[in-house]
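**Student:** Before I ask anything, here is the structure I am working with.
The values are calculated or read from the model by the stated rules, or taken from the named source; none is laboratory data. As the structure is a prediction and not an experimental result, all values here were calculated from the model. Ideal geometry is used to build each Cβ from the backbone, glycine not excepted, and the neighbour counts take in all protein chains shown.
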Amino acid sequence: MRYSLKLLAITAISLLAFMPCGAQKTVKIQFDNNKEVSGKKFAIKDISSGIPTNWDGYNFVVLEFKSSTPQRFQLGFTTETGYNELRVMTYCANGWNKLAIPLKFFRELPGAANDLAATYNQARYTGWINLGGNRGPLKGVDSIGVRMNVPINNPVIEIRSISLSVEDPGDQYLGTVPVVDEFGQWNLGDYEGKIKSLEQLQKEWTAEEKEIAKTVITTSYYTKINNSTTLREDKPNFPNQYGYSKYGGYLSTKVKASGFFRTEKIDGKWWFVDPEGYLFLSVGVDCVSPGGGGNVLNLDKRRNIYKELPPAGIGSNPERPNSASFGTWNLFRRYGEAYPEKSREMIVKRMDNWGLNTIANWSSSEVMKLNQKAFMLQLRGIGIENGLMGLPDVYDPKFAPKVDASCKDFVGPNRENPWLIGYFVGNEPSWLEQEARLCSMILDGKDKPIKTELKNFLAAGDTPERRKHFIYDTFRIFLKMVDEAVKRYDPNHLNLGMRFGNVPEKEVQLICKGVFDVFSFNCYDLYPKKEFMDQILEGTGLPMIIGEFHFGTVDRGMAQSLWQVNSQQERGVAYRFYTERAYSHPGLIGTAWFQWSDQDLTGRRDGEDYNCGLVDVTDRPYPHMVEAMTETAKRLQDIHLGKVKPIEQAPVKARGHGGIPDLWEK
């Protein structure tokens, strides 16, 4: 009898955990690509009746919907305190799916992750969520809103069910046709250049190899030019189309050589100088690695999404038994057992051919170890991963010895390598502009040396400004400690800065000025504004690197990247427009496109699935991107010298991921 009562109790709890809807009605939103913002609001009862307006007792809202596009959309609810929305991206464009969204995303501020992506991106199994909008209680909930910023190709979203749940009901693809085909491509739609057979794919691979064999540049030619602190104006007919030296500098311009990369300001313009003394602009790509763009995670949660998985042992990672990789499988199809070595060789050949001279952040160590391209590294083990919002506890007596040991292990082996440009300290710290919240989290957290130090500091006065200064002082100590440790074991390479996601105010810039050799920031925009870079150059006195930027679109079943354009051709147009304007600034000496391969169609660990690659999951380059990079690389030296103006053609209807205008159907 006891067991029967227990079973009844469990059944009752399970029923309470899920609030089913009554009558259901499918609503359709037709978005208008002629409008800046397009969307609609609906009464929730018009889709699913019987749902309470007070959602306090629930933890998930569950939607069944179908979107004709992977383009991100804003999803929100009207409550008694106002309208509250976030961004949603689906992996199942053109298919019905069930997506469970945690209601804490609407109620609470994002958690205290170390960088911006980890803070705002939230992975699910049939899509992912980017946090934004207002936060507050979910009472008086009576309507749902769906809207898009500059829709591409008049997409349609249908919603047929809304329900509430206490426990996570999971996500589910509800269609019968797999979302991903046997090559790792989007299977629910067609597009120009889509692979339909292995024979077609092999034919295209062979064609690329023949083309590269004809056009790959030679980097073995050198000229003897006396050391000089002024630029040479003559440009002999070098045997490669970009005039690059061994390390990627410009053979026509030479100054004093140091054997390693350094920076120098000449005639009012900043440059890198390569190890042989040739002036160098870093034209790079992040995440340079073979076999990208096709990783599959959490297979047990979404097996029906994939038509066919890679064979056992190919494209699998022993450290992630619940995963696979279409990207690696395609490389195996291309090169056979020798795919690790041959795919790395192809990366270098492509970079030569496309005018790329730098392997930028997050890239494969095996590709960098070839020592055929200049490369950049991000430091590891310096406490950021264990700190709050990316700020370590520098007051812990154990912190300095740990940083010293980590730097010794990480940078020591690179000390004599001339191919290394330098080290980034970190990436997009999330505490920036959140200093007051960070202080509150420290004070509310466990007893630690940083908590004691903050309490003592605030005893002399607790104001928002003093809290900010405490964080700034802590950051100053951190940067100095790390820089000193790096220089102890590797004095030959540059400190490339922090890769800020948001450029900090002048006080933080001054802190950086005393430590960094280069000021780095990520800039997702139509192009980096001159006034913006002028302010950094004035505040820091340092040359600049843009660590990340990109453009994407929606035709491949992936989300359109942080900056969207209407087509693959427009991606190339956007690259040229952005890059040429960037290098026209006298302080800009490097850029890095994010990233080498498209992201995974069904999402990386934080959910992102952007069409942002130079290469797709089938290991084929995007021709419009390659052409744009090639033509731009030929012009960058003269653009930086002010001899050539940046191209005027801008992409059509390019838009960023930032705040959407407060508009409905306008």
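**Student:** Somewhere in the range 422-435, is a residue of a type in the set (A, V, I, L, M, F, W, C), over 30 Å from residue 488 (Cβ atoms) and modelled with pLDDT of 95 or more?
**Tutor:** No: zero hits.
**Student:** Taking the condition of a type in the set (A, V, I, L, M) and either in a helix (DSSP H, G or I) or modelled with pLDDT of 95 or more (or both), does residue 217 pass?
**Tutor:** No; evaluated as a whole, the condition is false for this residue.
**Student:** Does any residue of the range 371-381 turn out to be buried (at least 20 other Cβ atoms within 10 Å of the Cβ) and among the basic types (Lys, Arg)?
**Tutor:** Checked against the condition, which is being buried (at least 20 other Cβ atoms within 10 Å of the Cβ) and among the basic types (Lys, Arg), the range 371-381 yields at least one hit.
**Student:** Continuing with this model, one more query. Here is a list: 635, 571, 581, 576. Which entry is among the basic types (Lys, Arg) and under 30 Å from residue 307 (Cα atoms)?
**Tutor:** Sole residue among the options that is among the basic types (Lys, Arg) and under 30 Å from residue 307 (Cα atoms): 571.
**Student:** Follow-up question, since we're still on this one. For the range 144-159, name all the residues that are crowded, with 17+ Cβ neighbours inside 10 Å and either part of a strand (DSSP E or B) or touching a Phe, Trp or Tyr at 6+ places or on another chain (Cβ under 7 Å) (or both).
**Tutor:** 144, 145, 146, 147, 148, 149, 151, 155, 157, 159
**Student:** In the range 642-662, is there at least one residue being buried (at least 23 other Cβ atoms within 10 Å of the Cβ) and in a loop (DSSP other than H, G, I, E, B)?
**Tutor:** Checking the range 642-662: at least one residue is buried (at least 23 other Cβ atoms within 10 Å of the Cβ) and in a loop (DSSP other than H, G, I, E, B).
**Student:** Just one of the numbered conditions (1) without any contact (Cβ under 8 Å) to a residue 60 or more places away in the chain; (2) outside any helix (DSSP H, G or I); (3) surrounded by fewer than 18 Cβ atoms within 10 Å (Cβ to Cβ) is not true of residue 502; which one?
**Tutor:** (1)
**Student:** Please verify whether residue 207 is at pLDDT 95 or above and surrounded by fewer than 12 Cβ atoms within 10 Å (Cβ to Cβ), treating the condition exactly as stated.
**Tutor:** yes
**Student:** Here's a follow-up. Are any of the residues in the range 97-111 modelled with pLDDT of 95 or more, polar (S, T, N, Q) and not in a strand (DSSP E or B)?
**Tutor:** no
**Student:** What's the total number of residues in the range 299-315 that are among the aliphatic types (A, V, I, L, M) and at pLDDT below 90?
**Tutor:** Going through the range 299-315 one residue at a time, the tally reaches 2.
**Student:** Looking at the range 436-459, is at least one residue at pLDDT 95 or above, of a type outside the set (D, E, K, R), touching an Asp or Glu at 6+ places or on another chain (Cβ under 8 Å) and under 30 Å from residue 277 (Cα atoms)?
**Tutor:** no
**Student:** If you check every pair at least six apart or on different chains, which have Cβ atoms under 6 Å apart with a residue in the range 617-632 that is closer than 15 Å to residue 207 by Cβ first and a residue that is buried (at least 18 other Cβ atoms within 10 Å of the Cβ) and β-branched (Val, Ile, Thr) second?
**Tutor:** That search, which allows pairs on different chains as well, returns 618/195; 621/615.
**Student:** Taking the stated definitions as given, is residue 526 under 26 Å from residue 657 (Cβ atoms), hydrophobic (A, V, I, L, M, F, W, C) and modelled with pLDDT of 95 or more?
**Tutor:** Yes, satisfied.
**Student:** Do we find that residue 308 is farther than 26 Å from residue 213 by Cβ, outside any helix (DSSP H, G or I) and in contact (Cβ under 8 Å) with a residue 40 or more places away in the chain in this structure?
**Tutor:** yes
**Student:** Look through 472, 423 and report the one residue that is closer than 24 Å to residue 514 by Cα, free of Cβ contacts under 8 Å to residues at least 40 places away in the same chain and within 27 Å of the chain's Cα centre (by Cα).
**Tutor:** Unique residue meeting the criteria: 472.
**Student:** Under the condition of being of a type in the set (D, E, K, R) and surrounded by fewer than 23 Cβ atoms within 10 Å (Cβ to Cβ), which residue from the range 599-634 is nearest to residue 349 (Cα to Cα)?
**Tutor:** 620
**Student:** Just to be sure I understand the filter: pairs with C-beta atoms under 8 Å, separated by 6 or more residues or on different chains, first member in the range 256-273 and free of Cβ contacts under 8 Å to residues at least 60 places away in the same chain, second member small (Gly, Ala, Ser). Which pairs pass?
**Tutor:** Partner pairs satisfying both residue conditions: 256/277; 257/277; 258/277; 273/249; 273/257; 273/258.
**Student:** Could I ask something else about it? Inspect all residues belonging to the range 289-298 and state whether any of them is in contact with a Cys (Cβ under 9 Å, 6 or more places away or on another chain) and at pLDDT 95 or above.
**Tutor:** Scanning the range 289-298, I find no residue that is in contact with a Cys (Cβ under 9 Å, 6 or more places away or on another chain) and at pLDDT 95 or above, so the answer is no.
**Student:** Of all residues in the range 169-195, count the ones that are farther than 19 Å from residue 128 by Cα and small (Gly, Ala, Ser).
**Tutor:** Count: 2.
**Student:** Turning to a different aspect of this structure: Return the residues of the range 390-405 that are modelled with pLDDT of 95 or more and over 12 Å from residue 488 (Cα atoms); say none if nothing qualifies.
**Tutor:** Answer for the range 390-405, where residues must be modelled with pLDDT of 95 or more and over 12 Å from residue 488 (Cα atoms): 391, 392, 393, 394, 395, 396, 397, 398, 399, 400, 401, 402.
**Student:** Any idea which of 602, 630 is among the polar types (S, T, N, Q), more than 23 Å from residue 531 (Cβ to Cβ) and in a loop (DSSP other than H, G, I, E, B)?
**Tutor:** Just one listed residue meets the conditions, 602.
**Student:** Does residue 471 qualify as being farther than 30 Å from residue 414 by Cβ and surrounded by 21 or more Cβ atoms within 10 Å (Cβ to Cβ)?
**Tutor:** So residue 471 fits the description; yes.
**Student:** Within the range 311-331, can you find the residues that are free of Cβ contacts under 8 Å to residues at least 24 places away in the same chain and in contact with a strand residue (DSSP E or B) (Cβ under 6 Å, 6 or more places away or on another chain)?
**Tutor:** Result: 316, single match.
**Student:** Identify the residue in the range 340-365 that is out of contact with any strand residue (DSSP E or B) (no Cβ under 6 Å at 6 or more places or on another chain) and within 19 Å of residue 423 (Cβ to Cβ) and, among all such residues, is surrounded by the fewest Cβ atoms within 10 Å (Cβ to Cβ).
**Tutor:** In this case the residue turns out to be 365.
**Student:** Just give me the residues in the range 27-66 being of a type in the set (Val, Ile, Thr), out of contact with any helix residue (DSSP H, G or I) (no Cβ under 9 Å at 6 or more places or on another chain) and assigned to a loop (DSSP other than H, G, I, E, B), in sequence order.
**Tutor:** 47, the sole residue that qualifies.
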